[in-house]
1. I'm checking my understanding of the structure. Among residues of the stretch 23-38 that are away from ligand 1 (no atom under 16 Å from the Cβ) and open to solvent by 60 Å² or more (accessible area, probe 1.4 Å), which one is nearest to the chain's Cα centre (by Cα)?
2. Among the listed residues 77, 8, 20, which satisfies the condition of being at pLDDT 95 or above, buried (at least 18 other Cβ atoms within 10 Å of the Cβ) and either more than 16 Å from ligand 1 (Cβ to nearest atom) or part of a helix (DSSP H, G or I) (or both)?
3. Could you grab the pairs with beta carbons closer than 9 Å, sequence gap of 6+ or different chains, first residue in the stretch 64-83 and at positive phi, second one charged (D, E, K, R) and away from ligand 3 (no atom under 11 Å from the Cβ)?
4. So for the stretch 39-47 (the condition being within 25 Å of residue 166 (Cα to Cα), modelled with pLDDT of 95 or more, surrounded by fewer than 17 Cβ atoms within 10 Å (Cβ to Cβ) and away from ligand 3 (no atom under 14 Å from the Cβ)), does at least one residue qualify?
5. Of the residues 43, 3, 107, 88, only one is over 11 Å from the mean Cα position of the chain (by Cα) and within 15 Å of ligand 2 (Cβ to nearest atom); which?
6. Might you check whether a residue that is part of a helix (DSSP H, G or I), more than 16 Å from ligand 3 (Cβ to nearest atom) and open to solvent by less than 10 Å² (accessible area, probe 1.4 Å) occurs anywhere in the stretch 101-116?
7. Just to be sure I understand, how many residues within the stretch 1-57 are closer than 18 Å to residue 98 by Cα and charged (D, E, K, R)?
8. Check whether at least one residue in the stretch 103-111 is of a type in the set (D, E, K, R), more than 23 Å from residue 159 (Cα to Cα) and within 15 Å of ligand 1 (Cβ to nearest atom), and report yes or no.
Amino acid sequence: MKEGKNIILIGMPGAGKSTIGVLLAKYLSMWFIDTDVLIQSLERKTLREIIASEGLERFIEIEKHHLQTIQASNAVIATGGSAVYDDEAMNSLKEGGVVLFLDVPAEEIERRIECTAERGVVMSSGQSIRELYEERVPLYRKFADVEVQCGSRSQEENAQCIAEMFKRD
Ligand SMILES: Nc1ncnc2c1ncn2[C@@H]1O[C@H](COP(=O)(O)OP(=O)(O)O)[C@@H](O)[C@H]1O
Ligand SMILES: O=C(O)C1=C[C@@H](OP(=O)(O)O)[C@@H](O)[C@H](O)C1
Ligand SMILES: [Mg+2]
């Protein structure tokens, strides 16, 4: 990988972007940015509060704004699962590095996420995780340079395996 390039993680909520991302940054001596944490600290509200007060569409606009203002290099960037709803934001992230889709099967995501309302997931009322997965996978694939199957390995194994891919480059 070219010096200074970012590694951008995309995927479903609960796929492990945040937990694997921080390990990957440690293994590769890179910065780590969690865009959810970034948005919360800049907005001084939790994502759940933003979604509750502003609604889903406005949340996506706020997320887009903050994703477009990221000026990072040599960073692992863990995005929120809804980042792919905005083409411009994703293209601006993609310009700065390699986009990895961390794919975890819908059944495993269902096991990991007990309450989508509590987590603040961008989904319509009555939509199931499986339906959300089917809606989003084409979007994750649209922006991904690499797809990594993360369902059957531990977070450390996933991070090690991804780190090896980049050490070889
Ligand atoms: N193999 C695994 N890889 C990543 N996370 C896992 C794994 N197994 C269980 N988990 C759990 O799933 C959750 C993943 O959450 P998180 O990293 O916040 O995902 P995301 O940022 O993609 O929403 C964590 O609670 C983590 O402990
Ligand atoms: O997929 C989603 O709709 C969302 C995922 C969350 O991030 P994680 O993917 O890190 O859980 C966060 O950005 C927001 O609550 C919306
Ligand atoms: Mg996360």
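The values are calculated or read from the model by the stated rules, or taken from the named source; none is laboratory data. Note that the structure is a prediction, hence the values are computed from the model and not measured. Cβ atoms come from the backbone with ideal geometry, glycine included; neighbour counts cover every protein chain shown. Protein only, heavy atoms only, side chains kept; ligands, DNA and RNA dropped before computing areas. Shrake-Rupley method; radii C 1.70, N 1.55, O 1.52, S 1.80 Å.
1. Out of the qualifying residues, it is 31.
2. 20 is the lone residue from the list that is at pLDDT 95 or above, buried (at least 18 other Cβ atoms within 10 Å of the Cβ) and either more than 16 Å from ligand 1 (Cβ to nearest atom) or part of a helix (DSSP H, G or I) (or both).
3. Sorted first by the residue in the stretch 64-83, then by its partner, the pairs are 74/3; 74/5.
4. no
5. Going through 43, 3, 107, 88 in turn, the sole match is 43.
6. Among the residues of the stretch 101-116, at least one is part of a helix (DSSP H, G or I), more than 16 Å from ligand 3 (Cβ to nearest atom) and open to solvent by less than 10 Å² (accessible area, probe 1.4 Å), which makes the answer yes.
7. Of the residues in the stretch 1-57, 6 are closer than 18 Å to residue 98 by Cα and charged (D, E, K, R).
8. No, there is no match, as no residue in the stretch 103-111 is of a type in the set (D, E, K, R), more than 23 Å from residue 159 (Cα to Cα) and within 15 Å of ligand 1 (Cβ to nearest atom).
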